Amino acid sequence: MSAAAEMPDQASAGYRFLRGVVRMWFSFFAGTIRLLNLEVLPSSGAAILVVDHPANWREVLLVVAAFPRPVRCLVNQELLRGWWRRGWARGLGMIPYAPGTEAWVPITEACCESLGHRELVAAFEDTQSSELDTYARRAAKLAFAAEARHSGQLGVGLFPVHLLMPQAGSRITETLVYADEPLFAREYFSPRISEQPGRLETLAAELERRGHEHVFRPRREAVKRFLDGLEATLKSDLEDAWSCRPDGKQNVDGFRLDSNVSHWVEKASTSRPGQIIALQDLLDRCREDRRRWSLSRLEVEAGPWLKSPLRLAAVWVESLLGLPLAAYGLVNHLVIGLILLGTGLLKRGTGTDRTTRWLVVGLAALGIYVIQILIVDRFMGRAAAGYYAPSLPLSGAYLWRYRWLLRHRTRLVLISLRLPRQAAIERRKRKITIERFRQALEASADTIGDKA
């Protein structure tokens, strides 16, 4: 029995079991898989999924799990290292191929046989492909080869597929798979051999254009914002590194991103938008952390009294020793505060002028003072009420003073103490972001400079 015949359009029990395990793994460890625009994919018939994403093991399993029809994935055999992956690839009907143009002769045979059985084949972007042999051109060649065997009547549909996978540090929690509108090979295919190269190029160019119009691709403005944010983050890192040097007088005004880096970002925004979105989230957090740190530093610098040890000591002493007195004032004025808040007398813009409003507040407070003094006199005697009466306005005045102290003095002292740790956290997050970007850059180093 041929390899293609081992996996009919109706999935075998083994394939269904393995696909169920893969889906369960994704649901536990990678979140929900959402297949978008599913209605464009027919329930039967020969079709090629043209996935504009490198065929890493995770992406291959994602395509298997996402589509309701069984999918035969074309995978580089270098990806199938180890008996475990080879066993899964065999159980899921994958078609392994060796790198190099010569390997596509037997692959073409296997794919034509699968398409002849009206199966679904998935072709991924290959990072080892050249400009003259792109993944879109390879998919077009497979479709033309299958159509040639059936006199152009097979009706192979080529469906561009876009992936958006959640990355570490990203706000995206779902895995999104989008199947684009199909291109049908028979509309481009010609039985005349002399016309086939030109028609093949036309189909491949259209597939590549569809790939560049990635449905999840960030807008050009977002890409520019990402590049600006990356440049600013790298400048901040250089400034910190140079400021630690004894003779660090360099400035970063002339620093600019390398053109190869900008080219990689432009390319990755199409082929790996999830990676760019995750990095953008990290950059946004770095910028927000630096903004908060800068505002805190400006607040501290605006308080010159913080440089006086005596005034700092006075703030600490009053903040600690004044707490019991402030708590006493709060207890005494808790009922007054609740009544005034409930009646809305403390709110501004209530329609009454300020003098009238404060007069009403004063009279209400005086009335509640009288009630509280009478209660103390009733239960604790006249002497206790005599001591309690003057403590009411005094504790209220100090409560107001203590509130001002916390807002304008104690808070600034705490901010100044927290500044070094806040700066260290900001630097650590910035280092993590730069390291993530460097890893992403190195992981696709072979794609940088192709069009520089």
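Note on Val177, Val51: ascending count of other Cβ atoms within 10 Å places them as Val177, Val51, the fewest first.
How big is the antiparallel share of DSSP beta bridges in the chain, given as a percent to the nearest 5? In the chain, approximately 20 percent of DSSP beta bridges are antiparallel ones.
Spin-label pair Arg428-Arg407: with each label point 7 Å from Cα along the Cα-Cβ axis, the two points sit 3.4 nm from one another. The simple Förster model, with R0 at 56 Å and r as the Cβ-Cβ distance, assigns Met24 and Arg297 a FRET efficiency of 0.65. Calculated on the Cα set of the chain, radius of gyration then Dmax: 35.0, 116 Å. Taking all Cα pairs closer than 8 Å and separated by 6 or more residues, the relative contact order of the chain comes to 15 percent. Taken as Cα centroids, region 268-293 and region 399-438 sit 22 Å apart, rounded to the nearest whole angstrom. Once the Cα-Cα distance is subtracted from the 0.36 nm per residue extended length, the Asn260 to Trp358 segment shows a gain of 28.6 nm. Taking other Cβ atoms within 10 Å as a rough exposure proxy, Ile373, Ile193 sort from fewest to most as Ile193, Ile373. Once backbone amide H atoms are built at 1.01 Å from N, Ala55 has Glu125, Thr127 as its partners under 5 Å, excluding neighbours fewer than 5 places away on the same chain. Restricting the chymotrypsin sites (Phe, Trp or Tyr not before Pro) of region 254-335 to loop positions (DSSP other than H, G, I, E, B) with no more than 15 neighbouring Cβ atoms within 10 Å leaves Phe255. Taking a point 7 angstrom from the Cα of Trp57 along the C-beta vector, which residues in region 70-97 have backbone N less than 11 Å away? Counting only backbone N, you get 79-89.
In loop segments of region 172-220 as defined by DSSP, the trypsin sites (Lys or Arg not before Pro) with at most 11 further C-beta atoms inside 10 Å of their C-beta are Arg192, Arg219. When Phe379, Phe189 are sorted by how many other C-beta atoms sit within 10 angstrom of their C-beta, beginning with the fewest, the order is Phe379, Phe189.
Every number here is computed from the coordinates shown, using simple stated rules; none is lab data. No experiment lies behind these values; they were computed from the predicted model shown. FYI the Cβ positions are ideal-geometry reconstructions off the backbone, even for glycines, and counts take in every protein chain you see.
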